[in-house]
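Here is the structure we will look at, set down as structure tokens.
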Amino acid sequence: MSLDLTVDGDRWRDHLRSVASGEPGLVPVVKGNGYGFTLGRLARKSQWLHDQGLGVDTLAVGTYEELPEVAQRYHGRLLVLTPWRPFGAALELDPAYADRVIHTVSRAVDLPVLLARRPDARFVLERSTSMLRHGMTTRELWSTAEVVRGHPRARVEGVALHLPLANGANLSEVHRLLIDVVATELPLDTVWVSHLSAAELTALRTAYPDFTFHPRIGTDLWLGDRSALRVTATVLDVHEVERGDGFGYRHRTAPKAGHVLVVSGGTAHGIGLEAPLGDASLRGRAATLARGGMDAAGFVRSPFSIDGKQRLFAEPPHMQASMLFLPHGARVPAVGDVIDVRVRYTATAFDRVVVS
Ligand SMILES: *Cc1c(COP(=O)(O)O)cnc(C)c1O
């Protein structure tokens, strides 16, 4: 009765190991829905990578609220990607792991407040990038040196850069930013980065041999080998319909003979409507209307596929199930069969994750 993520464990673990051994300083990112796997499982897998001697001495979470999910399953340092602010969960750290937490300071004004509360705080200083999300300008970054001088127990863990998804086009920006970093009167020789290609990281390590680079990686680590992952729904009911038969919450009528299928997976799992089929232009719609096409009847493509073909929603997805329309002639699956579903892993809540 569920939407399942089935993981080929050997394949997945091989991929995780190969990323960790190929990316020295790797910081696994474990946030949100845990990229579909759950935060707890990814925290345990990060510890497993560390236990095999593959580095991984720091794990990154997205928010302070996520720390309790990972802190007992992973034993190294815990970098929080959301910048520290003088409010919210950042001020309520559990003393059991507070000393393992590395804060991200993205505004100069926050640093004295953080250090007043916790004089031995560990933190990275975030420099703004072309993403323009969080981070300090050069001047702001330089101004933090004086604050740090006034707090001898402060632990500066480096500088953080959050780069756009640029497919190998981030190198010149990083060079420019590092010129500012080098000019700061702080020991910022550890650089935490995102979204750099392996070639870019190699180039940086060669250009800055005294620096340590920590690539923060989520998607390419956990979801990098899609062939290890399969998402399935289960067929819960099958109804034969004739043209004109009514069905569903809105009592639509079948545009032609076929089958209405009820399958597991709905809005509660993050299943949404996909783009309408085919040609959206007026002329295109007139042509499909003339052909009696399914999209002309208002049917929308679903992420569920049967026999390799993406099927149409009979009506918008329900909370935990969806209704599909299968036209006459297609093979009709049986109740209990599983069918493939294409999802965005970071936006899907699976009922079960099964790792072999
Ligand atoms: C989410 C995130 C990452 C990891 O991004 P992926 O594309 O999943 O690898 C890295 N750095 C920051 C600051 C992030 O928020």
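Every read-out reported here was derived from the displayed coordinates using simple, explicitly stated rules and does not represent laboratory data. Bear in mind the structure is a predicted one, so any value in this text is a computation, not a measurement. Because the Cβ atoms are built from the backbone with ideal geometry, glycine has one as well, and the counts that use them run over all protein chains shown.
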Would you mind classifying region 93-252 by shape? Square roots of the alpha carbon gyration tensor eigenvalues, ordered a ≥ b ≥ c; an a/c under 1.5 is rounded, otherwise it is prolate if a/b is larger than b/c and oblate if not.
prolate
For n ≥ 4 DSSP H runs only, could you compute -39500 (n - 2.57) per run for the chain, divide by its residues and tell me the 222 nm figure to the nearest 500?
-7000 deg cm²/dmol
Could I have the simple spin-label model distance between Val113 and Val332, label points 7 Å from Cα toward Cβ, reported in nm to one decimal?
6.4
Between Val182 and Val354, how high is the FRET efficiency from 1/(1 + (r/R0)^6) when r is the Cβ-Cβ distance and R₀ = 35 Å? Nearest 0.05.
0.10
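Assuming R0 = 25 Å, can you tell me the calculated FRET efficiency for the pair His318 and Ser2, based on Cβ-Cβ distance, to the nearest 0.05?
On the way: r = 15 Å, r/R0 = 0.58.
Computed FRET efficiency for His318 and Ser2 comes out at 0.95.
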Backbone HN-Hα couplings from phi across region 92-102 [Karplus 6.51/-1.76/1.60, Hz, Gly and Pro as x]
10, 5, 5, x, 4, 10, 3, 6, 8, 7, 9
Obtain the nm distance between the two label points defined at Arg133 and Arg226 by a simple spin-label model: each point lies 7 Å from its Cα along the Cα-to-C-beta direction.
2.2
Using Cα centres only, tell me the gap between region 186-238 and region 82-141 in whole Å.
23
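Which of the chymotrypsin sites (Phe, Trp or Tyr not before Pro) found in region 33-113 are loop residues per DSSP with 14 or fewer other Cβ atoms within 10 Å of their Cβ?
Passing sites in region 33-113 are Phe87.
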Where a ≥ b ≥ c are the square roots of the eigenvalues of the C-alpha gyration tensor, would you call region 1-142 rounded, which needs a/c under 1.5, or, failing that, prolate if a/b is larger than b/c, or oblate?
prolate
Relative to the longest principal axis of the chain, what angle (0 to 90°, nearest 10) does the C-alpha long axis of helix 171-183 take?
30
5 angstrom amide H check on Val300, placed H, neighbours 5+ away
Phe313
Considering only Ala228, Ala20, Ala199, give the residue with the highest GNM mean-square fluctuation for the chain, with springs between Cα atoms whenever their separation is below 10 Å.
Ala199
Backbone N under 15 Å from the Glu240 label point (7 Å along Cα→Cβ), restricted to region 303-327:
326-327
In a Gaussian network model of the chain with springs linking alpha carbons closer than 10 Å, the residue among Leu178, Leu26, Leu39 that fluctuates most is Leu178
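With r as the distance between the Cβ atoms of Asp51 and Ser197 and R0 = 25 Å, compute the FRET efficiency 1/(1 + (r/R0)^6) and round to 0.05.
Efficiency at R0 = 25 Å is approximately 0.35.
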Using the Karplus curve 6.51 cos²θ - 1.76 cosθ + 1.60 with θ = phi - 60°, work out ³J(HN,Hα) for each residue of region 134-144 in order, rounded to whole Hz, and write x for Gly and Pro.
10, x, 9, 6, 4, 4, 4, 4, 4, 5, 6
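Ratio of alpha-carbon Rg to the 2.2 N^0.38 Å globular estimate for the chain, to two decimals, please.
On the way: Rg = 25.3 Å, N = 356, 2.2 N^0.38 = 20.5 Å.
Working it through for the chain, the quotient is 1.24.
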